[in-house]
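K.L.:
Encoded as structure tokens, here's the structure I'll be asking about.
The values are calculated or read from the model by the stated rules, or taken from the named source; none is laboratory data. This one's a predicted model, so the numbers in the text were calculated from it and none came from an experiment. In this analysis, Cβ positions are derived from the backbone assuming ideal geometry, glycine residues included, and neighbour counts consider all displayed protein chains.
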Amino acid sequence: MQSLTTKRIIFYLSFLVALYLTSLYHYLLFHTAVELFSVLVAWMMFAIVWATWDKETSGFYFFLGTAYLFIGTIDLIHTLAYKGMNIFLGYDANLPTQLWISGRYLEAMSLFTSFFYLKERPRRYSIIFVYLFVSLILVWSIFGRIFPDCFIEGKGLTKFKIISEYIINFILLAAIFSLKRHRDKFSPLTYRLMFSTIICTMIAELFFTLYISVYGIPNMLGHYFKLISFYLLFMAVVQTSIRDPFSTLFKNLKRKEEELLNERQSLLDALKRIQVLEGLLPICSSCKSIRDKDGNWVQLESYVASHIGAQFTHGICPECMKKLYPEYCEKIKTEQ
């Protein structure tokens, strides 16, 4: 296990170093690789939560997976609009920055809102339609030049962009408090993954308040932490939607097996008690008390109740009624 963990860490570090080397060759290649990987992870999250919808007792992960489907789509447009891609003509570096900040607003609000769905399952298509509508409005406002400017060539980030990054961090901080409040709803591993996801997202946003050039070091570090946050969230979804259900299934099977064994033992004990009753029982000819295996004389009702669990209710048979209450019997006959 230790060797596996070490190999995994080496693999992750090698992957991050490889990304850095691509930035030395061409920053645009680095940016495209990071963003496409993040988009792929986001879309895979949606595919997983959609396929495991019937296995999730709450709507938490489905809500997040749906949100990241549209967050990843906005990030894809951001990637295509990045400075140097030359796909959307007539726009400068302001366009990808606007797309970026809109995606981060959507991400932060989704992480915060997701905790409201820990106890209930939302309607699948309603959530999709809401996110589709919001995403279309954001993209339309950006390409229609209605969305506030976020980056000005030669000057850098606008006040709106910087203030927005702090607002986004404030929303993410609120999401952390919500996570802590609902800690008992998550397994320890899932909780750590979710907590690390939000922290990495906050660190990424802080780096994105510092850069002057879209090709600068703070911008690169911000993309690193964004990539890590997406991957951690993906692992949380995999852990809960795929691994935990099978673990829960085996736990339930084990519990059922134990219940069946206990029930079998109870039936065997009841059978033994019945077999005792089927044998010869010493009974007093006068008071009808029964002698148990320890030699004690107990009332018939107590003996039967202790051996088969039956409870007695008192009444009187017709023959005894005639002997004990003849007048009452005659009165009943007369009334009839």
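K.L.:
Would it be correct to say that Thr190 is part of a helix (DSSP H, G or I), within 16 Å of Phe63 (Cβ to Cβ), modelled with pLDDT under 85 and assigned by TED's automatic domain parsing to the domain that holds Ser229?
P.N.:
Yes; evaluated as a whole, the condition is true for this residue.
K.L.:
Okay, next question. Given the residues Ser178, Ser196, which is the only one that is of a type in the set (Ser, Thr, Tyr) and out of contact with any Phe, Trp or Tyr (no Cβ under 8 Å at 6 or more places or on another chain)?
P.N.:
Ser196 is the lone residue from the list that is of a type in the set (Ser, Thr, Tyr) and out of contact with any Phe, Trp or Tyr (no Cβ under 8 Å at 6 or more places or on another chain).
K.L.:
I'm checking my understanding of the structure. Among residues of region 10-48 that are exposed (fewer than 12 other Cβ atoms within 10 Å of the Cβ) and β-branched (Val, Ile, Thr), which one is nearest to the chain's Cα centre (by Cα)?
P.N.:
Ile10
K.L.:
Give the residue that is modelled with the lowest pLDDT, with candidates limited to residues of region 123-142 that are of a type in the set (Phe, Trp, Tyr) and within 24 Å of the chain's Cα centre (by Cα).
P.N.:
Tyr125
K.L.:
From Ile101, Ile128, which residue is surrounded by fewer than 21 Cβ atoms within 10 Å (Cβ to Cβ) and either assigned to a helix (DSSP H, G or I) or outside the structural domain of Cys200 (by TED's automatic domain parsing) (or both)?
P.N.:
Testing whether each residue is surrounded by fewer than 21 Cβ atoms within 10 Å (Cβ to Cβ) and either assigned to a helix (DSSP H, G or I) or outside the structural domain of Cys200 (by TED's automatic domain parsing) (or both) leaves just Ile128.
K.L.:
Could I ask something else about it? Just to verify a result, which residue in region 60-80, among those that are hydrophobic (A, V, I, L, M, F, W, C) and at pLDDT 90 or above, is farthest from the chain's Cα centre (by Cα)?
P.N.:
So, considering only residues that are hydrophobic (A, V, I, L, M, F, W, C) and at pLDDT 90 or above, the one farthest from the chain's Cα centre (by Cα) is Leu80.
K.L.:
Based on this model, can you work out whether Asp92 counts as surrounded by fewer than 16 Cβ atoms within 10 Å (Cβ to Cβ), among the acidic types (Asp, Glu) and within 23 Å of Ser141 (Cα to Cα)?
P.N.:
When the stated conditions are applied, Asp92 passes them.
K.L.:
What's the number of the only condition in (1) within 20 Å of Phe234 (Cβ to Cβ); (2) exposed (fewer than 12 other Cβ atoms within 10 Å of the Cβ); (3) aliphatic (A, V, I, L, M) that Leu118 fails to meet?
P.N.:
(2)
K.L.:
Those residues that are among the β-branched types (Val, Ile, Thr) and not in a loop (DSSP other than H, G, I, E, B), I need them from region 132-153; list them, please.
P.N.:
Val134, Ile137, Val139, Ile142, Ile152
K.L.:
I need every pair where a residue in region 84-97 that is assigned by TED's automatic domain parsing to the domain that holds Tyr27 and among the charged types (D, E, K, R) has its Cβ under 9 Å from the Cβ of a residue that is in a loop (DSSP other than H, G, I, E, B) and surrounded by fewer than 13 Cβ atoms within 10 Å (Cβ to Cβ), sequence separation at least 6 or different chains.
P.N.:
Listed by first residue and then by second, the contacts come to Asp92/Glu153.
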